[in-house]
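Worksheet: one structure, shown below.
The values are calculated or read from the model by the stated rules, or taken from the named source; none is laboratory data. These figures come from a predicted structure and were not determined experimentally. Here the Cβ is made from the backbone with ideal geometry for all residues, glycine too, and neighbour counts use every protein chain on show. Accessible surface is based on the protein model in full, side chains and every heavy atom, while ligands, DNA and RNA are left aside. Shrake-Rupley method; radii C 1.70, N 1.55, O 1.52, S 1.80 Å.
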Amino acid sequence: MRPVNFSPGPSIVAPEVLEQAAQALRGVPEVQGLSIVEISHRLPWFEKVVQDTEDALRRLLGVPDTHTILFLQGGARGQFAQVPLNWLLPGTVAAYIDTGVWARGAYDDAKTLGDARIVASSANAARGAYLELPDVSGLELPANTAYVHTTSNNTIYGTQWPTMPTFGAVPHVSDMSSDILSRPIDVSQFKLVYAGAQKNAGISGLTLLFLDKAWMAAARNDIPSIWQYRVQDANDSMYNTPPTFAIYTTLLVCRWLEELGGVPAIAARNEAKASALYAAIDGADGFYRGCVDPRHRSRMNVTYRLPSEALEKRFVAECEAAGLHHLKGHRKAGGIRASIYNALPLEGVERLIAFMQAFRQRH
Ligand code: PMP
């Protein structure tokens, strides 16, 4: 039976996309049959790949003309540093909503560059975990807040904002690494959305950015050129050599998504997968226990526990033997984590559910 890949990232890529990417690795007919990885990013063929990728992302997520789309490197962690480097000026405050390991990582980096503050947190001191999201409805931000930073989906603990919070006129920056393209978003609400591509949007090595142009113009211009968004933008993300193969793979992912019916269609499919899996967890008479507050459950990373760590170990091992891979929870969270990103088919989730029922009966 085909293996099912529940890896948290880099993670499953649709077989059709992998096949087309493999073909391009072997040779691209439009460029004398040379491999995608051995041609210049300056060739018109590749410039069109970049343009087509941008156009497809604009269509898929309705990215407005106010926002530029950038293709950068350095991953989401690169953005943990680049954002404060550009906008956290002396006398201003960067406000972070602390909802998990990655959110905290973004704050930790900002703090090395200026006055970064955690303005809301759902860290559970007693349990050393993040099992819910904080209430930010009445949140008061300092008057001189440069931006507020959120993480849309918390990959490790498995929480996700059901709808993204808003902060009035204060610039909102969001790390959407683990749920980009999985559901509709209103990009106009954000000054910056960034996401590593390696979960829902392609492979590692590429970071996607949707950046408000006016906000970009207000960023610092006294830092090294490579870290200035405006420089990257003026050079169409090709100021330095871009990750050509990763961008091409993202184009293939976008085409695959458009063929499936776009973001609303994949969001419905994701909802069906997640609800089926949570229903299986909740319907197991306590044998399986969801880790996080049901109001904030992620549609991407489903985390749960078994009655003991010994059983969890056994569960993971038996899953591996049954072709259900990478279900072990993050070392910080423990337990089980099923990452069910866009490319994971409903049948994969159904196989996991059937396995869970059989495992429970055996133990
Ligand atoms: N943010 C989130 C939400 C993530 O899930 C991850 C990676 N799992 C990161 C940031 C770090 O991404 P990268 O390795 O691309 O820097």
Out of Trp87, Trp161, Trp45, any idea which swings most in a Gaussian network model of the chain, alpha carbons joined below 10 Å? Trp45
Quick test of the membrane-span-like rule: which DSSP H helices of the chain reach at least 27 Å along their long axis (C-alpha atoms) with mean Kyte hydropathy at least 0.5? none
Give the accessible area for Asp282 in Å² (nearest 10); use a 1.4 Å probe, count only protein heavy atoms, and leave out ligands, DNA and RNA. 100
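With the contact rule set at Cα under 8 Å and sequence spacing of 6 or more, what percent relative contact order holds for the chain? List each step's numbers first, then the result.
Details: 681 pairs, mean separation 81.8, N = 363.
It rounds to 23 percent for the chain.
So which trypsin sites (Lys or Arg not before Pro) in the stretch 1-85 end up in coil per DSSP with only 11 or fewer other C-beta atoms within 10 Å?
Arg42
Averaging sequence separations of C-alpha pairs under 8 Å and six or more residues apart, then dividing by the length of the stretch 69-204, give the relative contact order as a whole percent.
Working: 243 pairs, mean separation 29.6, N = 136.
The normalised contact order for the stretch 69-204 reaches 22 percent.
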With Cβ to Cβ distances under 12 Å as the rule, what net charge do the other residues near Phe46 carry (K, R +1; D, E -1)? -3
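Would you rank Asp98, Asp135, Asp293, Asp115 by solvent-accessible area, highest first, keeping every protein chain in place and using a 1.4 Å probe? Each step should come with its number before you reach the end.
Numbers: Asp98 0, Asp135 125, Asp293 35, Asp115 65 Å².
Final ranking, largest accessible area leading: Asp135, Asp115, Asp293, Asp98.
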With every protein chain present, what accessible area does Ile97 have (1.4 Å probe, heavy atoms only), rounded to the nearest 10 Å²? 0
Would you mind getting the accessible area per residue of the chain, heavy atoms of the protein chains only, 1.4 Å probe, in Å²? 42
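Multiply the residue gap between Thr166 and Ala354 by 0.36 nm, knock off their C-alpha separation, and tell me the result in nm, one decimal place.
Stretched out fully, the Thr166 to Ala354 stretch lengthens by 63.7 nm.
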In deg cm²/dmol, rounded to the nearest 500, the helical mean residue ellipticity at 222 nm of the chain, built from -39500 (n - 2.57) for every DSSP H run of length 4 or more, is -11500 deg cm²/dmol
For the stretch 95-197, radius of gyration divided by Kirkwood radius, i.e. Rg to Rh on alpha-carbons: 0.93
quick note, the stretch 15-260, DSSP beta bridge pairs, % antiparallel (nearest 5) is 50
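Relative to the Cα centre, what is the charge dipole magnitude of the chain, using +1 at the beta carbon of each Lys and Arg, -1 at the beta carbon of each Asp and Glu, and rounding to the nearest 20 debye?
920
How high is the relative contact order of the stretch 142-192? Use alpha-carbon pairs under 8 Å, at least six apart in sequence, and give a whole percent. All intermediate terms of the calculation are to be shown ahead of the outcome.
Numbers: 54 pairs, mean separation 20.4, N = 51.
In percent, rounded to a whole number, it is 40.
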On the protein heavy atoms, probe 1.4 angstrom, tell me the percent of accessible surface of the chain carried by carbon and sulfur. 53
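Let me spell out the model: positive unit charges on the Cβ of Lys and Arg, negative unit charges on the Cβ of Asp and Glu, origin at the Cα centre of the stretch 261-362. What dipole size does that give, in debye rounded to 20? Working shown, then result.
Values: 16 positive and 10 negative charges, 59 e Å.
Computed charge dipole of the stretch 261-362: roughly 280 debye.
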I'd like to know which of Gln79, Leu346, Ile36 lies farthest towards the positive end of the charge dipole of the chain, counting +1 on Cβ of Lys and Arg and -1 on Cβ of Asp and Glu. Leu346
Round to the nearest 10 and report in Å² the accessible area of Trp227, as given by a 1.4 Å probe over the protein chains' heavy atoms. 110
Evaluate the Kirkwood expression for the hydrodynamic radius of the stretch 1-145, namely the inverse of the mean inverse distance over all pairs of different C-alpha atoms, and round to one decimal in Å. 19.5
In the stretch 88-143, what trypsin sites (Lys or Arg not before Pro) fall in a loop by DSSP, with at most 10 other Cβ atoms inside 10 Å? Arg127
What distance in nm lies between label points placed 7 Å from Cα along the C-beta direction at Ala125 and Ser7? 3.9
For Asp222 and His325, what is the calculated FRET efficiency with R₀ set at 51 Å and r taken between the beta-carbons, to the nearest 0.05? 0.60
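Which of rounded, prolate, oblate describes the stretch 315-361, given a ≥ b ≥ c as roots of the alpha-carbon gyration tensor eigenvalues and a/c under 1.5 marking rounded, otherwise prolate only if a/b is larger than b/c?
Working: a/c = 1.83, a/b = 1.08, b/c = 1.70.
It is oblate, given that a/c is not under 1.5 and a/b is not larger than b/c.
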From highest to lowest solvent-accessible area (probe 1.4 Å; ligands, DNA and RNA excluded), Arg331, Arg362 read Arg331, Arg362
Please say if the chain is rounded, prolate or oblate, where rounded means a/c under 1.5 for a ≥ b ≥ c the square roots of the C-alpha gyration tensor eigenvalues, and otherwise the choice is prolate for a/b larger than b/c and oblate otherwise? oblate
Label point 7 Å beyond Cα of Ser137 along Cβ direction - residues of the stretch 295-310 with amide nitrogen under 16 Å: 295-296
